[in-house]
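K.L.:
What follows is a structure written as structure tokens; I'll ask about it next.
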Amino acid sequence: MYAISLGGDGAQLCPLEPWQAEEFLAHMDRGREFIGQYVGLPDVVTDPASSRAYLQGYADKAAADTGRICGIRWDGELVGAVILRTMDVAQGTAEAGCWLEPSAVGRGLVTRAARVVIDWAVEERGIHRVEWWASTANAPSIAVAGRLGMTREGVLRESFRYRGKLHDMEIWAVLAPEWRANRPSTCGGYRPPGAFPALKNGTA
């Protein structure tokens, strides 16, 4: 099992697989209300069976090379995740996303983890365009997109209905040449291309 350091503060990027369903459910229970403000995942992962099904879905995506999920750990405890929700290698596009428990907010964990995963998508899988979608009300997610060097490309007004409310959705994106030009040489747990072997093998 790989574990990629995200810095010297105990943060790591690790695989999330179906056999970890109980741990994933416990993580979701701890952050259910907080995560569910803008992310529908807590409404999907509600018991051991649905937790395993969610992780199995990403295992299937990894096998098909159409998506990935990686857990974010803080001192060994699962506190969040970063995902490639979609990935189309032929078209060179992907959509990244994230969530965190409230106890893990404010440490830059998502930004550090997303840098590793996006770099892998660009350099190892040839992805040209990585998108980041967020409700205009989700200021922390929008801030991450900015820290990742993405460009705000537009707003889809009242395009997403969630829990009875219509949300304006912002679209942010970074292109491969922009990513390479602005990628930090040192940044917490940033790793250069090739430092994510388990992703290459489709096991994350």
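K.L.:
Could you grab the pairs with beta carbons closer than 9 Å, sequence gap of 6+ or different chains, first residue in the stretch 157-170 and on the phi > 0 side of the Ramachandran plot and surrounded by 11 or more Cβ atoms within 10 Å (Cβ to Cβ), second one in a strand (DSSP E or B) and hydrophobic (A, V, I, L, M, F, W, C)?
P.N.:
From the stretch 157-170, the pairs are GLU158/LEU166; GLU158/MET169.
K.L.:
Select from the stretch 99-147 the residues that are in a strand (DSSP E or B) and open to solvent by 30 Å² or more (accessible area, probe 1.4 Å) and write down the one among them that is farthest from ALA181 (Cα to Cα).
P.N.:
Among those that are in a strand (DSSP E or B) and open to solvent by 30 Å² or more (accessible area, probe 1.4 Å), it is TRP133.
K.L.:
Which residues, counting only those in the stretch 67-84, are under 14 Å from the mean Cα position of the chain (by Cα) and not basic (Lys, Arg)?
P.N.:
The answer is GLY67, ILE69, CYS70, GLY71, ILE72, LEU78, VAL79, GLY80, ALA81, VAL82, ILE83, LEU84.
K.L.:
Out of the helices (runs of 4 or more DSSP H) lying entirely within the stretch 16-68, which hold 3 or more residues that are in contact (Cβ under 8 Å) with a residue 24 or more places away in the chain?
P.N.:
Fully inside the stretch 16-68 and qualifying: 21-35, 48-64.
K.L.:
For the list (1) over 25 Å from TYR162 (Cβ atoms); (2) at pLDDT 95 or above; (3) open to solvent by less than 10 Å² (accessible area, probe 1.4 Å); (4) of a type outside the set (S, T, N, Q), I need the number of the one condition that GLU23 fails.
P.N.:
(3)
K.L.:
If you go through the stretch 105-138, how many residues are touching a Gly at 6+ places or on another chain (Cβ under 6 Å) and within 29 Å of ALA26 (Cα to Cα)?
P.N.:
1
K.L.:
Looking only at the stretch 6-24, how many residues end up being in contact with a Lys or Arg (Cβ under 9 Å, 6 or more places away or on another chain) and either β-branched (Val, Ile, Thr) or within 24 Å of SER141 (Cβ to Cβ) (or both)?
P.N.:
The qualifying residues number 9.
The values are calculated or read from the model by the stated rules, or taken from the named source; none is laboratory data. All figures in this text were calculated on a predicted structure; none of them were measured in a lab. Cβ coordinates were reconstructed from backbone atoms using ideal geometry, including for glycine residues, and neighbour counts include every protein chain displayed. Side chains are part of the model used for accessible areas, which takes the heavy atoms of the whole protein and leaves out ligands, DNA and RNA. Shrake-Rupley method; radii C 1.70, N 1.55, O 1.52, S 1.80 Å.
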